[in-house]
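The next block holds one structure in the form of structure tokens; read it before the comments.
The values are calculated or read from the model by the stated rules, or taken from the named source; none is laboratory data. Please read all numbers here as calculations on a predicted model, not as lab measurements. For neighbour counting, all protein chains shown are included, and Cβ atoms are generated from backbone atoms with ideal geometry for every residue, glycine included. When the accessible area is computed, the model is the full protein with side chains, heavy atoms only, and any ligands, DNA or RNA have been set aside. Shrake-Rupley method; radii C 1.70, N 1.55, O 1.52, S 1.80 Å.
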Amino acid sequence: MIRLGTQHAAPTAPAVVVTGAGACGAFGAGLDRLLHADPRPVRLPVAGGTLPVGLWDGEFRSVWPDAPDRFGRMDRACRMALLAAREAVVGAGLGTGDLASAGVVVGSRFGCLATNGAWHADLWERGARLAAPLLFGYTVASAPAGEISVAYGARGPNLTISAGDASSAAALREAARLIASGRAPRVLAGGYEAISPSVAQELHDRGWRGRHGGAFPAEAAAFVVLEREDLALARGVPSAPVLGIELSFDPDGGEPARPTSPGANAGGWTFGASTVLEWGKAFREGKAADARIAGGPHVVRATLGAVRELAGASAPVGRAAGGARG
Amino acid sequence: MAGIEDLRNEVKRMLVEALNLEGVDPASIGDGAPLFGEGEGLGLDSLDALQLAVAVEDRFGIPIGDSDVGKEAFRSVDDLARFIARHTPER
């Protein structure tokens, strides 16, 4: 269990702890893969060569062997988000009944862009009458938050935040604020990015990499379970060292400082995408807390630290035991 | 015209493909099992119904423009196969 330091919280605000984490993306499915596997980019043909893009391979059975049949109808964004959230819930040792009052806060920069593109292509190909209704249902950026809520019966606040590269950092901040202000005892919080080949191509054509310090978006989702510390302790979650992390929010009503891009690595703040890849890289290189993701608001670092601490502890994310490095 | 048994099998394949029922073997779907309803049969919902109506029109050329017609036709694989057979003059 990792406590998020709430530097700007009121003294009486309950502490917020991270009790579970999960991820999937270009590195594969699960925290084990995040921590130990190198992303295997798909090389898309573009003018003048190929473009390496980190795309999720769609494999989920290793993390979720008994995934429900209905998992199949979701778009990639929802599948990735639910897969990561599910791992976080399992890792936290929680069941559906524990999440009835839980909130869901999700951040995404690109949201449903890939799904919108797919539906639009279907619309042109088959006409308005026969364009896929199932796909249309997922042409909203809040669909992943909705699917997570449905899957766990989470009836607390349900928010989706898109704030550019700060989207997922903002989601984590908002999630912690919901708990600290008493609006939800637990929150499933995280981010996702679904990047289709056509979206990658367009970003490439528009010069994304050159404008973002060489970073290029990749597919990934990462979620954590945030929880009121007293609830976590009451259900027997072992306590863990407090990380020296600030969380930029003010439950008394002041507008929190918006996480700002460090400029040279704007993509690094996209918690659900390239930052997740950076986490894995940083872990492998033994410099988890700095590398390219240091220097800004600390939510991403908080989560990174939480994942590392959870991975190094015997519980609650047992699957990643032994994964702590650096 | 295809026999009703052939139609049932085609409907089952259509259900799995059109609704992305991953891990579901078409042959495992019961002829008379309810398609809709929580905890029943395939457990499909209203969004699936829209997709199914599009799939029927796309594959068999039979539009389903009335929800009452859809409710009757979508009760089970057998009902849907018989509905398609009734609205297909020759195949």
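Is it true that A:SER198 is among the hydroxyl-bearing types (Ser, Thr, Tyr), touching a helix residue (DSSP H, G or I) at 6+ places or on another chain (Cβ under 6 Å) and open to solvent by 30 Å² or more (accessible area, probe 1.4 Å)?
Yes: the conditions hold for A:SER198.
Please go through the range A:53-74 and give me each residue that is surrounded by 15 or more Cβ atoms within 10 Å (Cβ to Cβ) and either at the interface with chain B (Cβ under 10 Å from one of its Cβ atoms) or under 18 Å from A:PRO217 (Cα atoms) (or both), ordered by number.
Passing the criteria: A:VAL53, A:GLY54, A:LEU55, A:TRP56, A:PHE60, A:ALA67, A:ASP69, A:ARG70, A:PHE71, A:GLY72, A:ARG73, A:MET74.
Quick check on the range A:124-140: of everything there that is open to solvent by less than 50 Å² (accessible area, probe 1.4 Å) and either free of Cβ contacts under 8 Å to residues at least 60 places away in the same chain or touching an Asp or Glu at 6+ places or on another chain (Cβ under 6 Å) (or both), which residue is farthest from the other protein chains (Cβ to nearest Cβ)?
Among them, the one singled out is A:THR139.
Suppose we filter B:ASP78, B:ASP6 for residues that are open to solvent by 60 Å² or more (accessible area, probe 1.4 Å) and over 23 Å from A:GLY137 (Cβ atoms); which single one remains?
One residue alone meets the criteria, B:ASP6.
Could you list, in sequence order, the residues of the range A:144-162 that are within 14 Å of the chain's Cα centre (by Cα) and either more than 19 Å from A:ILE179 (Cα to Cα) or not hydrophobic (A, V, I, L, M, F, W, C) (or both)? It would help to see each step written out before you state the result.
Taking the range A:144-162 first, the residues within 14 Å of the chain's Cα centre (by Cα) are A:144-145, A:148, A:159-162.
Across the range A:144-162, the qualifying residues are A:PRO144, A:THR160, A:SER162.
Mind telling me which of the residues A:GLY190, A:GLY146, A:GLY207 ends up being open to solvent by 20 Å² or more (accessible area, probe 1.4 Å) and modelled with pLDDT under 90?
None of the other options fit; the residue is A:GLY207.
Right, B:ASP68: of a type in the set (Asp, Glu) and either within 13 Å of the chain's Cα centre (by Cα) or under 24 Å from A:PRO65 (Cβ atoms) (or both) or not?
For B:ASP68, the condition - of a type in the set (Asp, Glu) and either within 13 Å of the chain's Cα centre (by Cα) or under 24 Å from A:PRO65 (Cβ atoms) (or both) - is not met.
Take the conditions within 12 Å of chain A (Cβ to nearest Cβ), out of contact with any Phe, Trp or Tyr (no Cβ under 9 Å at 6 or more places or on another chain) and surrounded by 19 or more Cβ atoms within 10 Å (Cβ to Cβ) and apply them to B:LEU44. Does it pass?
no
What number of residues in the range A:154-182 are outside any strand (DSSP E or B), surrounded by fewer than 24 Cβ atoms within 10 Å (Cβ to Cβ) and at pLDDT 95 or above?
3
Which ones in the range A:211-223 are open to solvent by 10 Å² or more (accessible area, probe 1.4 Å) and either of a type in the set (Lys, Arg) or modelled with pLDDT of 80 or more (or both)?
Listed by number, the list holds a single entry, A:ARG211.
Being out of contact with any Leu (no Cβ under 7 Å at 6 or more places or on another chain), closer than 25 Å to A:ALA189 by Cβ and within 14 Å of chain B (Cβ to nearest Cβ) is the requirement here; does A:GLY97 meet it?
No: the conditions fail for A:GLY97.
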